[in-house]
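Single-structure report; data block below.
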Amino acid sequence: MKKRFLSKVAAAVLSAAMLLPLAACGSGSPDGGKAGQTDAADAKAVSFPLSEKKTITGMTSYPAGTESDPNKRTIFKRLEEKTNVHVEWNAIQADQWSDKIGLAMSDPSKMSEFVFTAGFSDSDLLKYGKQGAIIPLEDYIDSCMPNLKAVFDKYPEYKTMCTDTEGHIWALPWIEQLGSGKEAIQTVGGMSYINKKWLDFLGLEMPTTTDELEKVLIAFRDNAKKLQDEFHIEGSVIPMSFIMNNGDQDCMILINGFGEGIGDMDAGRHIAVTDDRKVVSTATQEGFKKGLEWLHKLDTEDLLDPEAFTQEWSTYVSKGKSGRYGVCFTWDVANVDNLEDWEPLPALKADVTNITPQNGSFTSGFDRGRCVVTAVAKDPALVCSWLDQMYDPLQSPQNNWGTYGDEGFNIFEMSKNKDGGEMLKHAPLGDASPVEVREAQCVGGPLAVLDDYYNVYVTCPDDAQYRLNWIKDIYTPDMHGKYVYPNVFMNTEDTKKLSDLTADITKTINTFKANAVMNGFTDADWDSFQKSLKDYGLDEQLSILQKYLDAYYANEGTSK
C-alpha cells in the first residue's frame, strides 16, 4: 500500500478564514490530519444507482451560443437517472473560462467538488496539488474507478503520462484514439487544402512541389475574373489564406520540404525530434529559414491573403464560406467551406519530400489535465465513482461527440453491433458543420474513446474516417522521421522553468515568422533572431526537453 496521510490546505493560499481537510496521498502534513476522514487507499467503489439521491458540485464550461445549463443536456439527464446523483453545476461560458477558473480555484467558497472541463496545464496541476487545492487520484482510480483502471491496464502508457515524478495522478485524462502511430488522426493537425473545383476549371494539375504550388496560385490570381464569373464569387479571389500563428489555421505545413525536412509542426514550442533522438528547435533549422523566404516571395506576388496576419476565425470562415479561397488551412475544410470541392495538398517537395508529425501524436489525442477533484469534495469516493461513469465505453463517445434521442438533430442513433450488443451509430451530418452540431450536444470532460471501441460500442465518425484515410494515404507515406516528442510530465521546477523559457522563445519565433513573411529579412536579421533565441534561453529549454525525452525512452525500453 502506498504511503498515506492527511494534509490541510494552506490558509494563506486559499482563504484567510478557512482550512480545507485533504484526504489523500500528498507531500506531508504538519498536523497529521483529522480523525474520521476517509483514506483514499481504503475507499471503495460506489454502486449505481444510489438508493437515495445525493448531490455533488461541479464546474464546467460550455460553448457560446449553446445550452448554458448542463442539467438540461440530454447526456447529463440520463446520467442522473442512471446514477441517482444530482450535480449542482457552476457553468461558465468557454470564452470566459480562463478568467474565472483561476479565481474559483483560489477561493474555497467558489470552489466546486470537481472541475469537469479544467483543461489545466502541467504547471496548474502541480501548483494546485502543492497548495492542496486538488487531491491526488491514483488510489481512487485503483479502488473506485474500474472503467478508467481498465483503460490504464490495457494502455499503461496513458497512466505513465498522467503520473508526475513523485508518483501522483492529479487529474483525469481525455483520451481520443483515432488511429495510432504515424496513422493517428493527430499526426497532421492543420492540413493544407486546395480548391479542386478551381484546378479542374483552369485545367491545372494537383501540385506536388512548392514551385508547382506557386504556379497554381499565380494562375488563381491571374484568372480571378474567370473564377468569379464561373462560380458566382462575391468579393475578391484569394489564392491562399491562413491565420498566422493560429495552430491548425497556420500555413507552416508547406515548409516541411525545405532544408532538412523538419518543418515547423509544433506551434506551441517549435521543436522536433531527430532520428538520433535529439530535441532541436525548428526555428534554428535551414529549412525554417528557406521556408519563410519562400512564403515571403509568395506574399510579394500578391498570392497571400493580406488579412492572414490579423484575421480572426469568424472572418476566416466567412470568407471561406463565400467561396473565395484557392488554398486554405484547417483541421477540417468542411468547417471553412465545404467538403466536396476541396482536396488535401500532398507533401510538397522543395529540397526533400517529408511530413513531420505533430509532437505527442503517436499516442493519439490526450489531455492530461482535463478533470480534477478538489479539496472541498465531501465524499471523494462518490465523486470519483461518478466521474468513472464517463469512461464507460458507451458513455465516452457521447461525452466526446454528442448523443441520441434528443429533440431535433442527433449525432447518434442507438443501434446494434454484429454481436447484438448496444452500439452508437453515427447519424448523417448532412450540410451541418460537425463542430456546431457536436457543441450543441456533447459535454466534454474526462473520457476515453479507444480504437477497439469502433464498430463495437460506436461507429467511427465520418469526418474522422475521411481524415484518417487522408493521413494514411496522402501523408503517412511521406512521414520519414522516427520520433515525435512524447507527452511527458515534468517536475515542478522544470515545468515552471520550461514554461517561462518557452513563453519568451515562442513569442520571439512567432513575431519573427509573421514579420519575415510580410516584410522579408536579411542574413543579418536572421543572425539577430538566432541570437535572441539564445539570449532567451533556447539552450536551456532544449536541455530540459532532452532530459525528459531520454528518461521517457529509458523507462519505456522501446521506441514509441
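Considering segment 476-488, and only residues there that are assigned to a loop (DSSP other than H, G, I, E, B) and farther than 18 Å from GLY189 by Cβ, the residue that is least open to solvent (accessible area, probe 1.4 Å) turns out to be VAL488.
Just one of the listed residues (ALA554, ALA464) is open to solvent by 50 Å² or more (accessible area, probe 1.4 Å) and among the hydrophobic types (A, V, I, L, M, F, W, C), namely ALA554. Do we find that LYS513 is over 28 Å from ALA347 (Cα atoms) and basic (Lys, Arg) in this structure? Answer is no for this residue. Note on segment 106-131: among residues that are over 21 Å from the mean Cα position of the chain (by Cα) and assigned to a helix (DSSP H, G or I), the one that is surrounded by the most Cβ atoms within 10 Å (Cβ to Cβ) is TYR128. Would it be correct to say that ASP388 is crowded, with 22+ Cβ neighbours inside 10 Å, modelled with pLDDT of 95 or more and of a type in the set (Asp, Glu)? So ASP388 passes the test. Residue check: LYS496 meets all listed conditions (1) without any contact (Cβ under 8 Å) to a residue 60 or more places away in the chain; (2) within 27 Å of LYS130 (Cα to Cα) but one, namely (1). Checking each residue in segment 489-503 for being touching a helix residue (DSSP H, G or I) at 6+ places or on another chain (Cβ under 9 Å) and either surrounded by fewer than 19 Cβ atoms within 10 Å (Cβ to Cβ) or not in a loop (DSSP other than H, G, I, E, B) (or both) picks out ASN491, THR492, ASP494, THR495, LYS496, LYS497, LEU498, SER499, LEU501, THR502.
Could you please let me know if LEU103 is over 20 Å from LYS54 (Cα atoms), part of a helix (DSSP H, G or I) and open to solvent by less than 20 Å² (accessible area, probe 1.4 Å)? Write out each step before concluding.
Details: over 20 Å from LYS54 (Cα atoms): yes; part of a helix (DSSP H, G or I): yes; open to solvent by less than 20 Å² (accessible area, probe 1.4 Å): no.
No.
Remark: pairs (first residue in segment 458-470, farther than 16 Å from ASN335 by Cα and outside any helix (DSSP H, G or I); second residue of a type in the set (Phe, Trp, Tyr) and open to solvent by less than 40 Å² (accessible area, probe 1.4 Å); Cβ separation under 6 Å; 6+ apart in sequence or on different chains) = CYS460/TYR454. Taking residues in segment 42-66 that are farther than 18 Å from MET105 by Cα, and partners anywhere that are open to solvent by less than 30 Å² (accessible area, probe 1.4 Å) and part of a loop (DSSP other than H, G, I, E, B), the pairs with Cβ atoms closer than 8 Å and at least 6 places apart or on different chains are ALA45/MET145.
Would you mind finding the one in ASN399, ASN455 that is open to solvent by less than 70 Å² (accessible area, probe 1.4 Å) and polar (S, T, N, Q)?
Values: ASN455 fails: open to solvent by less than 70 Å² (accessible area, probe 1.4 Å).
Just one listed residue meets the conditions, ASN399.
Kindly provide the set of residues from segment 519-535 that are in a helix (DSSP H, G or I) and either surrounded by 16 or more Cβ atoms within 10 Å (Cβ to Cβ) or under 31 Å from the mean Cα position of the chain (by Cα) (or both), ordered by number. Of everything in segment 519-535, those that are in a helix (DSSP H, G or I) and either surrounded by 16 or more Cβ atoms within 10 Å (Cβ to Cβ) or under 31 Å from the mean Cα position of the chain (by Cα) (or both) turn out to be TRP526, PHE529, GLN530, SER532, LEU533, LYS534, ASP535. Checking each residue in segment 155-207 for being free of Cβ contacts under 8 Å to residues at least 60 places away in the same chain, under 24 Å from ASN338 (Cβ atoms) and either among the aliphatic types (A, V, I, L, M) or buried (at least 20 other Cβ atoms within 10 Å of the Cβ) (or both) picks out LEU199, LEU202, LEU204.
The values are calculated or read from the model by the stated rules, or taken from the named source; none is laboratory data. If you're wondering where the values come from, they're calculated on a predicted model, not measured in any experiment. Backbone-built Cβ (ideal geometry, glycine too); neighbour counts: all protein chains shown. Just so you know, the surface numbers come from the protein's heavy atoms only, side chains and all, with ligands and any DNA or RNA stripped out. Shrake-Rupley method; radii C 1.70, N 1.55, O 1.52, S 1.80 Å.
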